[in-house]
1. I'd like the full set of residues that are of a type in the set (A, V, I, L, M) and surrounded by fewer than 17 Cβ atoms within 10 Å (Cβ to Cβ), limited to segment 46-56.
2. On the basis of being open to solvent by 10 Å² or more (accessible area, probe 1.4 Å), within 19 Å of SER192 (Cα to Cα) and assigned to a helix (DSSP H, G or I), does HIS231 make the cut?
3. Kindly list, by first and then second residue, each pair from a residue in segment 83-105 that is without any contact (Cβ under 8 Å) to a residue 12 or more places away in the chain to a residue that is open to solvent by less than 10 Å² (accessible area, probe 1.4 Å) and among the aromatic types (Phe, Trp, Tyr), limited to pairs with Cβ atoms under 7 Å and residues at least 6 apart or on different chains.
4. Looking at segment 349-366, which of the residues that are buried (at least 17 other Cβ atoms within 10 Å of the Cβ) and small (Gly, Ala, Ser) is nearest to ALA329 (Cα to Cα)?
5. Looking only at segment 205-223, count how many residues are open to solvent by less than 40 Å² (accessible area, probe 1.4 Å) and part of a strand (DSSP E or B).
6. Take the residues of segment 292-332 that are polar (S, T, N, Q) and closer than 19 Å to ALA369 by Cβ: which is surrounded by the fewest Cβ atoms within 10 Å (Cβ to Cβ)?
7. Got at least one residue in segment 154-167 being closer than 27 Å to PRO67 by Cα, of a type in the set (Asp, Glu), touching a residue at least 40 places away in the same chain (Cβ under 8 Å) and open to solvent by less than 80 Å² (accessible area, probe 1.4 Å)?
8. Filter segment 299-324 down to the residues that are modelled with pLDDT under 75 and in contact with a helix residue (DSSP H, G or I) (Cβ under 7 Å, 6 or more places away or on another chain) and list them by number.
Amino acid sequence: MPDPVVPPTPPVPLAALLARADLALRQIAGPADADTVIHWAHTSEMADPYPYLLGGELLLSAGVHIPDAAGSGTYFDDYVSRIVAAGGAALGFGLAPVHDTVPRALVEACDTYELPLLEVPPQTTFSGVARAVWQLMAQARHAELRRVTEAQQSLAAAAARPDPVRAVLRQLAQRMAGWAVLYGLEGAEVASAGREPDGTAGGALAELAEVVRPSGPGTPTSATDTAAGTHLAAYALGAGPGFVLGVAAAHRDPGDHTIASVAAVLLSLLTGEQQSGSGAARSSALVRLLLGAEPQEVAPLLGEGSRLVVHARPDAGPCDPVAASALGAALGSPLVDLAPDVVRVLVPADREPAPQPGWTLGVSAPASAPDWPAAGPPGGAGPVPVC
């Protein structure tokens, strides 16, 4: 069966069209599948409609093409099989002015080929059915745009919360009604949210993440797959061989790719290392220290002025690199050191650190580069609350 040429509007559930009381349509044959959708309505009285269908149509016919002896041969089987072969989604048969009832042989053929058959009453015009399809499409499109907009806003708000990486993953998992996972540099799971899929889907998603992990020219930035009935998607975060976002969900709606792409951009900003500007300066400073330069010699690469040394400990549980980076982002500094029992952040002296939920912070007095190693909170007793 050919793939339908999908229009730039969401498909309409056939059940939604049947629920329109003003149309009074009635399904009299074929499967009553809630997942059956239509992409458009098309009227044709051709005995062989195959050349004129793109797929996904509700084909409307008043039976003008039906010969008098059609019921005694294979006419209806041939007719319905061609609609199915063209990818038609359903057939609507109009009563009057040609036929007072739907031919019994047509009903049987639609049951045989599992094509939904709708009876269109005399008072319902084909143009009225087509108009209803487009109205439902417009409503679905509006609802989808609203859903995407609300998801974008909620993801942006999550990125501004404490521990923003996990907050974005939680919001994405909720919006996708699935599982969102962040894979690290070696393919290990760094953080996740939502319900992890059962069976082989989790392993398949990890393998899909490797497909988009940059390895040379031509590597895709995103990829999709299906495993164990679960829709999978992976998105590379940034241009380097870094983090990858994975998403697994039971359903995939038209706006889901847009929502996941927004999350991928936000996570790229939260986790990615900038390879130019201040990022290059930090790399240069580190290399010079490793080569024996004194701290005061490399400090100008990090910016002018004195700095505060913030000592932080998480209120619950051990700290990991993602949480430490998120803390640095919240304090407005990329200069973060994750030690076994404390996180240290170098913050410009003119930027007063604000209290951070989930963290106990201690802040040194403003200090210049030679004094940074010894700088600590007042009293030297370790971190104290700043609030």
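The values are calculated or read from the model by the stated rules, or taken from the named source; none is laboratory data. Note that this is a predicted model, so its numbers are computed, not measured. In this analysis, Cβ positions are derived from the backbone assuming ideal geometry, glycine residues included, and neighbour counts consider all displayed protein chains. When the accessible area is computed, the model is the full protein with side chains, heavy atoms only, and any ligands, DNA or RNA have been set aside. Shrake-Rupley method; radii C 1.70, N 1.55, O 1.52, S 1.80 Å.
1. Residues satisfying the conditions are MET46, ALA47.
2. no
3. Short answer, once both residue conditions are applied: none.
4. My answer is GLY362.
5. So the answer is 1.
6. Only one residue tops the list, namely GLN296.
7. no
8. Once the filter is applied, which keeps residues that are modelled with pLDDT under 75 and in contact with a helix residue (DSSP H, G or I) (Cβ under 7 Å, 6 or more places away or on another chain), segment 299-324 yields ALA299, LEU301, LEU302, VAL322.
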